[in-house]
Amino acid sequence: MKEKKFLKYLALILVFVLIVSVSFLADTVSASTPLTVEQAINNQGLNNQTVRGYIIGTVGNGPQLVTSGHVDTNLMLASNQNETDVAKMLPVQLPKTAVRTAWNLKDHPENLGKQVDVTGNLTPYFSAPGLKNTSSIVEVETGDPPSNPDDPPASVLTIAEARLVTGTTVFETSGIVTFIDKQNLTIQDATAGIVARISAVNPDIKLGDQLQVKGTPGSFKGLQQINVSEYAVKSSDNALPEAQKVSLADLLADNKAYESERVLLENLTVKEEKYTNSPSFTDGTNEIASYKIPVDTLKNGDKVNLIAISSYFNAPQLRVAKAEDITLLTGGDTGDPGNPPASELTIAEGRLETGSYTTSGIVTMVDGQSITIQDDTAGIVLRLRNYDGSIKLGDLIEATGTNGDYRGLLQLNETSYSVKSSGNPLPAAQEITLDNYLADAENYESERIKIKNATLVTLNTTGNSLLTADGTQINIYKIPAGEYQAGNIVNVTAIAAQYRDTYQLRVADASHVEIVDEQTLEDKIFTTDLPDPITEQDILDFQTSEGITKIYNVKEAAALKDEAGKGIYVIGVVTYSYSGGSSLIIQDIIEDNNGRQIFGYQIYGPTEEVQPGDIVLAKGNAVLYYGLPELSNVESMKTVGSAAVFEPQEITVQDIVAYGDQFVNEYVLFKDLELPVYDGGSG
């Protein structure tokens with residue numbers, strides 16, 4: 001559902017901000033005074049706010065300011081270009097829209113240092129005051145001198161020519177607005193039609209306006225579009241292009257030839273579908289879907305003529321601009337053309353609403369009165385006031401309510417709901433790596449995702465179960481009981497969730513956890529091919545030469561404590577020292593039924609200076625110090641030989657999380673660590 005994210009953060013921009021470009025846009029519209037970064041920090045909880053500041057970098061965990069090695073998912077904003085105090089900075093989320101494409105520092109380092117107006121919702125981000133659901137970013141005009149008047153203006157292509165442009169080529173075209181869906185405007189000229197995708201669109205634009213646009217080629221769910229960077233309304237109240245009469249069979253056979261153009265279809269029969277105001281139409285042989293038509297009175301079996309935009313969303317579909325574009329041949333009334341009934345919102349649109357709205361989706365998770373639903377655009381938690389326990393996965397629910405926040409998770413607090421149908425297939429889970437999900441978790445909230453080849457480290461059906469993959473970890477909360485065990489390698493399909501500042505997963509059904517490898521935590525043994533530096537015969541020889549009844553190897557010594565551990569001798573190869581030499585790690589290779597493994601042991605308070613590679617024999621008391629095996633109260637220690645120096649064992653974070661008990665007192669090396677910012681020792 002990558003492309004669906006283009007819909008996820010659509011917002012109606014209340015203030016139209018337009019920057020004059022060279023010989024392209026003739027007028028600008030003044031905006032209300034934007035907030036400063038400081039005002040934004042102090043006024044969290046407000047939606048559709050515009051904040052002015054300088055782009056000074058990106059955001060890292062902490063949060064912290066990142067000035068190099070940028071990600072493409074966020075920006076850091078400040079009122080001062082040279083700001084160093086993180087408390088005076090505003091983390092800004094870049095959702096998966098044209099805003100991210102145009103403004104992320106990973107792909108556009110030239111944006112660093114620009115003064116911009118950023119519009120979005122003031123809400124915590126990276127556990128600090130922030131701005132999320134960013135709907136537009138506009139560079140603040142600095143009064144740069146105009147371009148050379150002798151420079152020739154860029155040529156304006158016909159839409160048919162524009163549809164042939166590929167890659168990242170910037171081009172201009174112009175057409176009459178024939179359909180408006182928030183930030184997606186369909187325009188058409190005498191040659192063709194196309195969708196203009198405008199992140200910061202003027203809500204006053206109307207059908208019949210002539211719109212000149214500048215941008216780059218794009219596509220969404222198979223529908224060709226222009227990702228617009230600049231636009232201007234050249235005239236208004238123009239006649240819409242005449243609709244081309246075409247049969248449904250011909251339209252489906254050559255859909256691209258009619259894409260984004262007005263077409264007239266006659267004598268079609270209505271087929272009601274699961275989504276409100278989105279029926280299918282058939283000629284008896286062929287069938288085409290529609291989406292959110294501006295009437296709600298059509299019934300199954302009604303005969304109609306209709307003028308529509310030939311569109312596409314993974315398959316051909318129709319979009320109807322006005323109620324009067326539907327002519328009812330038999331049946332009821334299509335409603336008052338001047339006052340078309342309101343249609344429900346997609347979940348992506350609903351997530352941005354500040355008032356009451358209606359939406360619908362398939363149930364993907366049931367947790368008491370908290371029901372997660374998802375449609376083709378997004379997901380959301382539906383919080384029910386009263387619940388009788390009858391809702392099931394796959395139910396299609398229509399609900400009305402207002403948005404709220406519960407511990408960082410957006411939810412729709414319903415005022416009414418109904419189950420429209422049951423047994424529907426669940427939305428396809430988006431396959432993603434765990435680290436990529438965590439880097440962009442907000443964009444997947446309440447949606448189904450799939451993490452493959454992960455280790456189920458712990459299993460707790462009433463609390464948190466730890467899942468790790470590629471050195472990254474996350475908790476699954478209240479995983480349902482299944483055949484899987486701790487240590488299994490699994491593919492997990494789950495709901496992306498959040499509790500306070502922590503992202504987590506929710507698994508709706510045990511069947512959503514697929515066992516890839518039935519290993520358990522005890523199954524994986526870290527063996528080695530290195531030669532044994534101290535064999536059993538070596539130990540017997542030392543016992544004879546030193547006149548000692550029993551010398552313990554490091555594995556045996558680690559198992560001793562209390563009376564059994566007093567006054568023992570232990571032997572091993574010096575590997576590492578720390579705490580100024582007061583703690584010494586010795587290792588050995590010991591073979592048992594599981595193979596040859598490295599084992600380690602700690603000597604606290606060694607009495608002699610030694611070097612890595614020395615074979616040492618020490619006497620003292622074997623104890624457990626806060627659970628850590630060690631030899632303390634050392635009475636004597638001597639070097640009795642030498643061996644090859646142990647190199648550190650290279651392991652992953654996942655290894656240490658899953659099998660940490662196998663590495664106690666051993667010398668290891670991590671290469672996949674990402675250290676947090678040092679907090680100065682404050683914890």
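The values are calculated or read from the model by the stated rules, or taken from the named source; none is laboratory data. Predicted model only: the values in this text are computed from it and were never measured. All Cβ positions, even for glycine, are placed from backbone atoms using ideal geometry, and neighbour counts span all protein chains on display.
List, please: which pairs have Cβ atoms under 7 Å, are six or more places apart or on different chains, and start with a residue in the stretch 313-338 that is assigned to a helix (DSSP H, G or I) and end with one that is at pLDDT below 90 and polar (S, T, N, Q)?
Pairs found: ALA323/THR334.
Quick one: how many residues across the stretch 514-564 are crowded, with 17+ Cβ neighbours inside 10 Å and polar (S, T, N, Q)?
1
Pick from the stretch 286-307 the residues that are part of a strand (DSSP E or B) and in contact (Cβ under 8 Å) with a residue 40 or more places away in the chain: which of them is farthest from THR178 (Cα to Cα)?
Applying the filter and picking the extreme gives ILE288.
For residues that are in a loop (DSSP other than H, G, I, E, B) and at pLDDT below 95, tally how many sit in the stretch 248-285.
Let us first name the residues in the stretch 248-285 that are in a loop (DSSP other than H, G, I, E, B), namely 254, 259-261, 272-279, 283-285.
Now narrow it down to the ones that are at pLDDT below 95: 254, 272-279, 283-285.
Qualifying residue count, the stretch 248-285: 12.
Is it the case that some residue within the stretch 157-167 is over 15 Å from ALA232 (Cα atoms), part of a strand (DSSP E or B) and at pLDDT below 90?
Checked against the condition, which is being over 15 Å from ALA232 (Cα atoms), part of a strand (DSSP E or B) and at pLDDT below 90, the stretch 157-167 yields no hits at all.
Identify the residue in the stretch 498-554 that is in contact (Cβ under 8 Å) with a residue 40 or more places away in the chain and touching a Ser or Thr at 6+ places or on another chain (Cβ under 7 Å) and, among all such residues, is nearest to PHE126 (Cα to Cα).
Within the stretch 498-554, the match that is nearest to PHE126 (Cα to Cα) is ASP501.
Of GLY394, GLY389, which residue is free of Cβ contacts under 8 Å to residues at least 12 places away in the same chain, at positive phi and in a loop (DSSP other than H, G, I, E, B)?
GLY389
Looking only at strands (runs of 3 or more DSSP E) that fall completely inside the stretch 397-504, which ones have 3 or more residues that are of a type outside the set (A, V, I, L, M, F, W, C) and more than 21 Å from the chain's Cα centre (by Cα)?
Result: 409-421.
Per-residue answers, yes or no, for (1) without any contact (Cβ under 8 Å) to a residue 12 or more places away in the chain; (2) buried (at least 20 other Cβ atoms within 10 Å of the Cβ); (3) of a type in the set (Gly, Ala, Ser):
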| site | (1), (2), (3) |
| --- | --- |
| ARG351 | no, yes, no |
| SER356 | no, no, yes |
| ASN413 | no, no, no |
| TYR437 | no, yes, no |
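For the stretch 67-85, which positions are buried (at least 18 other Cβ atoms within 10 Å of the Cβ) and either in a strand (DSSP E or B) or not small (Gly, Ala, Ser) (or both)? Spell out the reasoning first.
Going through the stretch 67-85, the residues buried (at least 18 other Cβ atoms within 10 Å of the Cβ) turn out to be 70, 72-79, 83.
If the condition is that a residue be buried (at least 18 other Cβ atoms within 10 Å of the Cβ) and either in a strand (DSSP E or B) or not small (Gly, Ala, Ser) (or both), then HIS70, ASP72, THR73, ASN74, LEU75, MET76, LEU77, ALA78, GLU83 are the ones that fit.
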